[in-house]
Amino acid sequence: MAGVTLGAGSVLAAWSSNPSPLWFATRGAGVMTLVCLTVVVILGITTSLRVTGPRSPRFVIAALHRNFALFTIVLLVVHIATSVLDPFAGIKPIDAVVPFAGAYRTFWLGLGVLASEVLFAVTVTSLLRGRIGPRAWRLIHWISYASWPLAVVHGLGTGSDSQEPWMLGLTAACMAAVLVSLAQRLVAGRIRTVPVRLASGVVVVMATYAICAWSVAGPLRPGWAVTAGTPASILTSKPSRPPLRSAAHGFSDGLIGTVTKTAGGVDIGLRDTVDTALTVVIIPPGPTETLPQLTVARNSTTICANVPARVGVSVYAVCNGTRLVITMYGSGPSITGRLVTSGPMG
Ligand code: HEM
């Protein structure tokens with residue numbers, strides 16, 4: 001393994017139980033809620049810009065904004081209800097109401113709770129607008145802008161699909177759309193509001209940078225499931241594991257991957273170039289281990305997790321009875337390699 005040494009660092013965790021359809025509904029509704037919330041934010045900004053056209057008078061945009069917001073609330077209720085009803089993550093009703101109370105990915109789930117509370121507050125005050133007066137309503141509506149970044153960070157931090165290219169692309173598209181809309185909002189306005197708009201622009205740029213930098217250092221790295229606070233019971237329960245490959249004999253496939261430096265060594269993530277759903281992650285030994293740990297997964301479903309790997313010229317490990325020899329070339333960050341298996345295809 002030329003140029004690659006392993007030390008202490010983060011730990012990879014992979015889904016190990018079998019989630020129910022409700023769990024997938026939670027994730028699907030979460031994604032839809034984020035997309036719709038993005039549309040609501042953009043329509044809200046467009047309304048405040050007083051953009052009008054022959055086919056889109058202001059009241060039409062305002063009505064669209066209102067109706068989309070109500071639809072988003074319905075989706076959000078589905079998202080929350082399914083996550084509580086599904087036993088997989090053990091989310092209790094109180095966890096969906098009190099921020100940072102849940103055991104499942106506490107902080108990142110808590111941000112989602114905060115985001116939804118802001119949204120519910122905005123909805124209620126909008127329905128009571130006549131009673132609370134326009135000034136209070138406007139103030140609360142301004143705060144509603146905060147719900148969107150909270151929801152984005154919640155989705156990235158707690159979502160099981162955060163590392164999937166489609167989810168990353170969708171989140172990036174949502175961010176880009178809101179940024180373009182915000183830029184239009186901040187450019188337009190009276191001369192006396194320039195300082196406020198400039199300050200807001202700086203905050204937006206810094207927040208965008210912070211979210212991107214944190215995503216790269218956190219949710220996009222192997223082992224985020226553990227770092228994010230997934231309860232050990234979910235990580236360690238025994239799954240029904242798929243075979244390494246439905247073939248009688250061993251195989252020899254090319255690999256491509258990356259080496260990521262960590263505090264105490266490196267994490268290595270590899271993908272099979274023939275069977276592209278197959279991934280191998282090698283992480284440094286934890287405080288109680290002496291050898292690096294190897295995890296093999298297909299489409300994010302674990303085949304074998306955290307098996308000890310001996311490191312010499314190549315990496316040797318046994319995954320459910322199948323012997324693996326992984327040879328890597330290059331010193332990173334991009335590397336290539338070869339996976340050779342022998343023995344039963346467990
Ligand atoms: C504005 C509010 C919210 C938005 C826009 C939102 C959006 C999202 C998104 C985009 C995901 C990622 C889905 C994926 O990766 O497939 C997600 C995951 C999730 N959210 Fe929310 N969410 C919100 C509030 C909440 C609240 C209040 C709860 C509390 C129960 C919650 C519970 C969850 C759970 C349990 C997951 C799945 C975590 C996983 O995949 O491991 N969300 N949410």
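Quick notes
- Test: residue in the stretch 143-164 that is over 17 Å from the mean Cα position of the chain (by Cα) and surrounded by fewer than 14 Cβ atoms within 10 Å (Cβ to Cβ): yes
Residue by residue, here is whether (1) away from the ligand (no atom under 16 Å from the Cβ); (2) in contact with a strand residue (DSSP E or B) (Cβ under 9 Å, 6 or more places away or on another chain); (3) at pLDDT 85 or above; (4) more than 30 Å from L111 (Cβ to Cβ) holds:
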{"site": "V216", "(1), (2), (3), (4)": "yes, no, yes, no"}
{"site": "P219", "(1), (2), (3), (4)": "no, no, yes, no"}
{"site": "G229", "(1), (2), (3), (4)": "no, no, yes, no"}
{"site": "A263", "(1), (2), (3), (4)": "yes, yes, no, no"}
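- Some residue of the stretch 176-185 being outside any helix (DSSP H, G or I), within 21 Å of V118 (Cα to Cα) and within 13 Å of the ligand (Cβ to nearest atom): no
- Test: residue in the stretch 51-70 that is within 16 Å of the ligand (Cβ to nearest atom), in contact with a Leu (Cβ under 8 Å, 6 or more places away or on another chain), within 13 Å of T26 (Cβ to Cβ) and assigned to a helix (DSSP H, G or I): no
- Scanning the stretch 127-141 for any residue that is within 16 Å of the ligand (Cβ to nearest atom), surrounded by 16 or more Cβ atoms within 10 Å (Cβ to Cβ) and not basic (K, R) turns up at least one such residue.
- Applying the set (1) in a helix (DSSP H, G or I); (2) in contact with a Pro (Cβ under 9 Å, 6 or more places away or on another chain); (3) near the ligand (Cβ under 8 Å from one of its atoms) to D95 leaves exactly one unmet item: (2).
- Screening G250 with (1) outside any strand (DSSP E or B); (2) surrounded by fewer than 16 Cβ atoms within 10 Å (Cβ to Cβ) gives one miss only, at (2).
- Residues satisfying the stated conditions in the stretch 261-290, i.e. in contact with a Leu (Cβ under 8 Å, 6 or more places away or on another chain), over 18 Å from C304 (Cα atoms) and free of Cβ contacts under 8 Å to residues at least 60 places away in the same chain: T273
- Residue match in the stretch 187-202 (condition: of a type in the set (A, V, I, L, M, F, W, C), assigned to a helix (DSSP H, G or I) and surrounded by 12 or more Cβ atoms within 10 Å (Cβ to Cβ)): no
Okay, residues lined up against (1) aliphatic (A, V, I, L, M); (2) more than 25 Å from A207 (Cα to Cα):
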position: P99; (1), (2): no, no
position: F107; (1), (2): no, no
position: G112; (1), (2): no, no
position: V118; (1), (2): yes, no
position: G130; (1), (2): no, yes
position: W142; (1), (2): no, no
position: T158; (1), (2): no, no
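- Cβ-Cβ distances below 8 Å connect the following pairs, each with a first residue in the stretch 196-211 that is in the same structural domain as S181 (by TED's automatic domain parsing), a second residue that is among the β-branched types (V, I, T), and a separation of six or more residues or different chains: R197/V187; I211/V152; I211/V153.
- Residues within the stretch 313-327 that are in contact (Cβ under 8 Å) with a residue 40 or more places away in the chain and not in a strand (DSSP E or B), tallied: 3
- No other residue among L76, L114 is within 20 Å of M32 (Cβ to Cβ), surrounded by fewer than 19 Cβ atoms within 10 Å (Cβ to Cβ) and near the ligand (Cβ under 10 Å from one of its atoms) apart from L114.
- Scanning the stretch 126-179 for residues that are at pLDDT below 95 and hydroxyl-bearing (S, T, Y), we see that the one that is farthest from S48 (Cα to Cα) is S160.
The values are calculated or read from the model by the stated rules, or taken from the named source; none is laboratory data. In this text the structure is predicted, and so the values were computed from the model without any measurement. Positions of Cβ are backbone-derived with ideal geometry, glycine not excepted, and every protein chain shown enters the neighbour counts.
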